[in-house]
Structure formats: C-alpha cells, structure tokens
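Below: one structure, written as structure tokens.
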Amino acid sequence: MLSLPPDRENAQKYLKGAQEAFAESGCELVQMLETRGLTINEAVTQANDLMTAAPDVKAIYGMYDEAGTATAKVIESMGPTRKVGITAADGSPTTIGLLKAGAINGTFFQEAVGQGVDGTQQVYNALTGGDLKQDLALVMPLVTADKIGSPEEQVVIARVFLPSN
C-alpha cells in the first residue's frame, strides 16, 4: 500500500477500511509506504521499492491519485508479463484516463462536487427550516475499469468533477 501521511484523519480511515476489507477477503498487507509529498516521483520510487521488496505482490492500493498513476507507470515499465492489480483513491482526470485504458483496475472516487452539493443543500435546509441530517456519509464509490463507460459510472464521475466546456 502506498499511503497518505498517517497523521491525516482520512488516511487513518482509509487504512482502517482497507485492513477490514483485507481481513474479510483473506488478503495480507505485506508493506505500507507512507508519502510526505504526494508527488508522482515519490510514489514511483515507493512503488519500485515495494515491487523489489515484495516481488510476488498481487495488488497495490494507493490512497491518493498520484500513487495509482505512479504504480501504473512502474508496472508498465516491467513489461507485459508482470500483472499487478492497481486500485487508487480520489479520481483525477489522469486516473480516469488510466482506468479507461485498463492500466488501473479500480478507483474509489471522492465525490468533490457531490460533497459540495450535499453540504450546500444542508445549509439551505438549515436556513429555510428544512430537514437536516446530523451525519452525512462521504461516499467513495468504487468504479472499475470494466464499468467506466457505463451510464451508472458516468453519474459517479459527474459528482467528482464539474462538466467542462
């Protein structure tokens, strides 16, 4: 796993969720490398280090877009015989492109637009006496490479980025 800095609350929650999912599916987390700079260069170095330390690794989860991009570059450089599943989080345009190309297997999308819409709706409801939710889940739906073009997944992507002109 290529991790966000562990002092960040979202990193702690991502890690907890990943550990639960790994335990349920019988997967083993063999190594976790944390970033400080969130750059592609740093993540390329970490992905190379991870592949060297654990050459039989079957999948790499990157907690942020650059980790997924970097891992895809590293795996591509190893040639077509090296198969490693790659999943990332957030959902930048670069990650979406890699997902469409099949270089990344899945992305947990952070619905930035959707979170703004939901938050704004809550403020409006508060100001107008409407119904308020005490807790709003920050949904991060998983979109896989084989489903990226479907109408359902396009709805997810629309909650990630504003439409461009």
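Of all the residues that make up the stretch 1-15, how many are under 17 Å from residue 75 (Cα atoms) and either without any contact (Cβ under 8 Å) to a residue 60 or more places away in the chain or not in a loop (DSSP other than H, G, I, E, B) (or both)? Full working, then the answer.
As a first pass, look at the stretch 1-15 and keep what is under 17 Å from residue 75 (Cα atoms): 1-2.
Narrowing the set further to residues that are either without any contact (Cβ under 8 Å) to a residue 60 or more places away in the chain or not in a loop (DSSP other than H, G, I, E, B) (or both) leaves 2.
Total satisfying the criteria: 1.
Among the residues in the stretch 43-58, are any in contact (Cβ under 8 Å) with a residue 24 or more places away in the chain, farther than 21 Å from residue 141 by Cα and under 15 Å from the mean Cα position of the chain (by Cα)?
yes
Of the residues that sit in the stretch 16-28 and are free of Cβ contacts under 8 Å to residues at least 40 places away in the same chain and within 17 Å of the chain's Cα centre (by Cα), which one is nearest to residue 108 (Cα to Cα)? Please lay out each step first, then the result.
Pass one, the stretch 16-28, residues free of Cβ contacts under 8 Å to residues at least 40 places away in the same chain: 16-17, 19-28.
Now drop any that are not within 17 Å of the chain's Cα centre (by Cα), which leaves 16-17, 19-22.
Numbers: 16: 15, 17: 12, 19: 16, 20: 16, 21: 14, 22: 16 Å.
Selected residue: 17.
For the stretch 40-56, enumerate the residues that are surrounded by 14 or more Cβ atoms within 10 Å (Cβ to Cβ) and of a type in the set (Val, Ile, Thr).
Correct list: 40, 44, 45.
Can you find, within the stretch 61-75, the residue that is surrounded by the fewest Cβ atoms within 10 Å (Cβ to Cβ) among those that are closer than 26 Å to residue 158 by Cβ, hydrophobic (A, V, I, L, M, F, W, C) and in contact (Cβ under 8 Å) with a residue 60 or more places away in the chain?
Within the stretch 61-75, the match that is surrounded by the fewest Cβ atoms within 10 Å (Cβ to Cβ) is 63.
Anything in the stretch 33-50 that is in contact with a helix residue (DSSP H, G or I) (Cβ under 6 Å, 6 or more places away or on another chain), over 18 Å from residue 76 (Cβ atoms) and of a type in the set (Gly, Ala, Ser)? List them, or say none.
If the condition is that a residue be in contact with a helix residue (DSSP H, G or I) (Cβ under 6 Å, 6 or more places away or on another chain), over 18 Å from residue 76 (Cβ atoms) and of a type in the set (Gly, Ala, Ser), then no residue fits.
With respect to residue 97, determine if the residue is touching a helix residue (DSSP H, G or I) at 6+ places or on another chain (Cβ under 8 Å), modelled with pLDDT of 90 or more and farther than 15 Å from residue 156 by Cβ.
no
If I ask for residues that are in a loop (DSSP other than H, G, I, E, B) and at negative phi, which ones from the stretch 127-136 would you list?
To start, the set of residues in the stretch 127-136 that are in a loop (DSSP other than H, G, I, E, B) comprises 129-136.
Residues satisfying the conditions are 130, 131, 132, 133, 134, 135, 136.
Looking at the structure I just gave you, is residue 78 surrounded by fewer than 20 Cβ atoms within 10 Å (Cβ to Cβ) and either touching a residue at least 60 places away in the same chain (Cβ under 8 Å) or more than 25 Å from residue 8 (Cβ to Cβ) (or both)?
Details: surrounded by fewer than 20 Cβ atoms within 10 Å (Cβ to Cβ): yes; either touching a residue at least 60 places away in the same chain (Cβ under 8 Å) or more than 25 Å from residue 8 (Cβ to Cβ) (or both): yes.
Criteria met by residue 78.
Got a sec? Which of 139, 155 is part of a helix (DSSP H, G or I), among the hydrophobic types (A, V, I, L, M, F, W, C), surrounded by 11 or more Cβ atoms within 10 Å (Cβ to Cβ) and out of contact with any strand residue (DSSP E or B) (no Cβ under 8 Å at 6 or more places or on another chain)? Give the steps one after another, and end with the answer.
Numbers: 139 fails: part of a helix (DSSP H, G or I).
Of the residues listed, the single one that is part of a helix (DSSP H, G or I), among the hydrophobic types (A, V, I, L, M, F, W, C), surrounded by 11 or more Cβ atoms within 10 Å (Cβ to Cβ) and out of contact with any strand residue (DSSP E or B) (no Cβ under 8 Å at 6 or more places or on another chain) is 155.
Check every one of the strands (runs of 3 or more DSSP E) wholly within the stretch 20-126 and list those with 1 or more residues that are among the aliphatic types (A, V, I, L, M). Steps first, answer last, please.
Working: elements: 59-61, 85-90, 106-109.
Counting at least 1 such residues, we get 59-61, 85-90.
Could you look through the stretch 142-152, keep only residues that are loosely packed, with under 11 Cβ neighbours inside 10 Å and free of Cβ contacts under 8 Å to residues at least 40 places away in the same chain, and pick out the one that is nearest to residue 17 (Cα to Cα)? Step through it out loud before you land on a result.
So the first thing to find is which residues in the stretch 142-152 are loosely packed, with under 11 Cβ neighbours inside 10 Å, and the list is 149, 151-152.
The next check asks that each one be free of Cβ contacts under 8 Å to residues at least 40 places away in the same chain; those that pass are 151-152.
Values: 151: 27, 152: 24 Å.
Ranking the candidates gives 152 first.
The values are calculated or read from the model by the stated rules, or taken from the named source; none is laboratory data. Since the model is a prediction, treat every value here as computed from it, not as a measurement. All Cβ positions, even for glycine, are placed from backbone atoms using ideal geometry, and neighbour counts span all protein chains on display.
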